[in-house]
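Just below is one structure, and these are the notes that go with it.
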Amino acid sequence: MRVPLILWLAAAMTALSAGASGAAERAGPDMIDVNFEKWTNIEPLLEEVRARHNVPALAASTIYDGRIINYAAVGVRKLGSDVKVTAWDKFHIGSCTKAMTATLLAIFVEQGKLKWSSTLAQVFPDLAKEMHPGYRTVTLLHLVAHRGGVPNETWPKGMTFLDVHRLPGPPREARREFVRRVLKQEPAAPPGETFIYSNAGYAVLGAACETVADAAYEDLMREHVFGPLGMGSAGFGAMGTPGKTDQPWQHRVENGKAIPLEPGPLIDNPPAIAPAGTVHCAIGDWAKFVQAHLRGARDQPTPLPIANWTRLHTPAFGGTYAGGWGTAHRGWGGGRVYTHAGSNNMNYAVVWMAPHRNFAVVVATNQAGKVAPKACDDAAAAIIRKYLPEEKDQ
C-alpha cells in the first residue's frame, strides 16, 4: 500500500500574502516590522517556482538576522479545486520532526530525567530481559545519531504499514508495543559502528521520553516544545477534516499524476512512529522552531529550557548527523550548515540553517514524487540568493 517515511536526503540543496494579516499577529514578537515590501515579500518568488514545477501549493518562511521576517504560501489546497492556501495553512514536515524529538529529549536531559549515555536497558528495565542483548548497551545518543544498529526498515519483521496502524490502544500504548517488537529483533550493526538511518530508532527515543515523563509523546511535545514556542498550529498526522478542504490535502504521485488524498486516520504514517515524522504545522510555526535552534547554536537565549545546545548540533561517532540535523559546508552559509528533508510520500519539506550567517529557510509542499524535492530546493535556493546575495552559492 504505502512505503515508510522517505529517508533523510542530503539534498542540494509578505508584505505577507493576502489574508495573512491575522497570521502575522500570531507570529509573535520575533516577526520584524519591515515597511519595505520588496524586501519581505516572497510570494512572487514562490509562485514562479510553484508554477514551474506544477505542484499544488508551496510555502516558505525566512529567518534573517535571527528574526522571522516573512512566511507565505501560494497555490491551492487541493488539485482540481479553487480553494487557495493561506499563509497559516498547515503543512506536513515528515522526518523534519526528528529534530523536534531530539529537542524534547534534550529538555529531559537538562532536567536530569535522562542522560545522553542512558542505555536502553536502563530506560526500559521491564523490557531488558526480552530485549535483544545487542540493544541493551545502546545509548540514547546512539539512537539520536542513527548509530544504534536499529534497522533501516521501519516496520518490525512480519509487520506491515497497516499492521502497525492496527496496534491496539492509544498512541502511547501502540508505540510501546512497537518498540518492544523492534528491540526484540537482531540489530543490523553494533552500537556506534555504522550510520543506519532509522525511523524506528526515533520512535524508541519518543518512547524513552514517555517512560520518564509518564505521558504520551504527543502531549509532551505540546507541553515542552510547541507551547513554549507559540506553535499553536502544530499537530500530528494528516492535515484537515475528512470531507472538507479546510487545510491542504496531501497528494501522491501515481504514473506521473498527482492524486489528492482526503484526510483520514490512514493517510499518514502510524501514530506509533510519530517521533520519526508525523508533525504538521503552519510554515511560520515551523520557522519558530528553527529560529530557536538558530539562537541556540549562537549561544543566544531561547524560549526552550536548554542551556547547552552543543549536543544537538554536534555530529557524533565520527559522522555528519547531529540531533535531527544533517550537516554540510556551504559557502553561502559561511561554513557549517544544518539541513534535513522530510516526506511521508504525500508531502515534502526541507530546512536549511546557517548559524554563521544567522539565517535559515524552511520550505514545504503538499505533494510528493520526484518533482517535490526539486520545487522545495529551488525555492530554498532562490530565497538564499535573495537574502545572501554577497555569497556565491555552492
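Table for the structure above
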| read-out | value |
| --- | --- |
| Residues (surrounded by fewer than 16 Cβ atoms within 10 Å (Cβ to Cβ) and part of a loop (DSSP other than H, G, I, E, B)) located in region 155-166 | Lys157, Gly158, Thr160, Arg166 |
| Single condition Ala128 does not satisfy, out of (1) more than 27 Å from Gly318 (Cα to Cα); (2) under 20 Å from the mean Cα position of the chain (by Cα); (3) in a loop (DSSP other than H, G, I, E, B) | (2) |
| Selection from region 249-270 of residues that are in contact with a His (Cβ under 8 Å, 6 or more places away or on another chain) and either closer than 14 Å to Ala368 by Cβ or at pLDDT 95 or above (or both) | Gln250, Ala258, Ile259, Pro260, Leu261, Asp268, Pro270 |
| Hey, Ala272 touching a helix residue (DSSP H, G or I) at 6+ places or on another chain (Cβ under 6 Å), farther than 19 Å from Tyr71 by Cα and either outside any loop (DSSP other than H, G, I, E, B) or of a type outside the set (Ser, Thr, Tyr) (or both) or not | yes |
| Given (1) buried (at least 19 other Cβ atoms within 10 Å of the Cβ); (2) more than 17 Å from Lys90 (Cβ to Cβ); (3) not hydroxyl-bearing (Ser, Thr, Tyr), number of the condition Asp214 does not satisfy | (1) |
| Filter result (under 22 Å from Tyr135 (Cβ atoms), over 22 Å from the mean Cα position of the chain (by Cα) and not in a helix (DSSP H, G or I)) within region 167-226 | Leu167, Gln185, Glu186, Pro187, Ala188, Ala189, Pro190, Pro191, Gly192, Glu193, Thr194 |
| From Asp246, Asp214, residue being among the acidic types (Asp, Glu), over 22 Å from Ala380 (Cα atoms), at pLDDT 95 or above and not assigned by TED's automatic domain parsing to the domain that holds Asn344 | Asp214 |
| Exclusive hit being at pLDDT 95 or above, farther than 19 Å from Arg330 by Cβ and buried (at least 20 other Cβ atoms within 10 Å of the Cβ), set Ala368, Ala379, Ala360 | Ala368 |
| Test for Thr160: is it farther than 23 Å from Ala216 by Cβ and under 24 Å from the mean Cα position of the chain (by Cα) | yes |
| Selection status of Glu193, at pLDDT below 95 and in contact with a Gly (Cβ under 8 Å, 6 or more places away or on another chain) | yes |
| Qualifying residue in region 137-147 (condition: outside the structural domain of Ile267 (by TED's automatic domain parsing), more than 25 Å from the chain's Cα centre (by Cα) and either not hydroxyl-bearing (Ser, Thr, Tyr) or not in a helix (DSSP H, G or I) (or both)) | yes |
| Residue check, Met231 over 20 Å from His165 (Cβ atoms) and either part of a strand (DSSP E or B) or in contact with an Asp or Glu (Cβ under 8 Å, 6 or more places away or on another chain) (or both) | yes |
| Filter result for Asn345 (under 15 Å from the mean Cα position of the chain (by Cα), surrounded by fewer than 24 Cβ atoms within 10 Å (Cβ to Cβ) and either small (Gly, Ala, Ser) or assigned by TED's automatic domain parsing to the domain that holds Trp88 (or both)) | yes |
| Test result for Tyr338, of a type in the set (Ser, Thr, Tyr) and under 18 Å from Ser61 (Cβ atoms) | yes |
| Within region 277-394, helices (runs of 4 or more DSSP H) holding 2 or more residues that are closer than 22 Å to Ile93 by Cβ and touching a Ser or Thr at 6+ places or on another chain (Cβ under 7 Å) | 283-297, 371-387 |
| Selection within region 51-98 - assigned to a helix (DSSP H, G or I) and within 15 Å of His280 (Cα to Cα) | Gly94, Ser95, Cys96, Thr97, Lys98 |
| Conditions (1) of a type outside the set (Lys, Arg); (2) under 24 Å from Ile196 (Cα atoms); (3) under 13 Å from the mean Cα position of the chain (by Cα): number failed by Gly318 | (3) |
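The values are calculated or read from the model by the stated rules, or taken from the named source; none is laboratory data. In this text, all values refer to a predicted model and were calculated from it rather than measured experimentally. Every residue, glycine among them, receives a Cβ derived from its backbone with ideal geometry; neighbour counts consider all protein chains shown.
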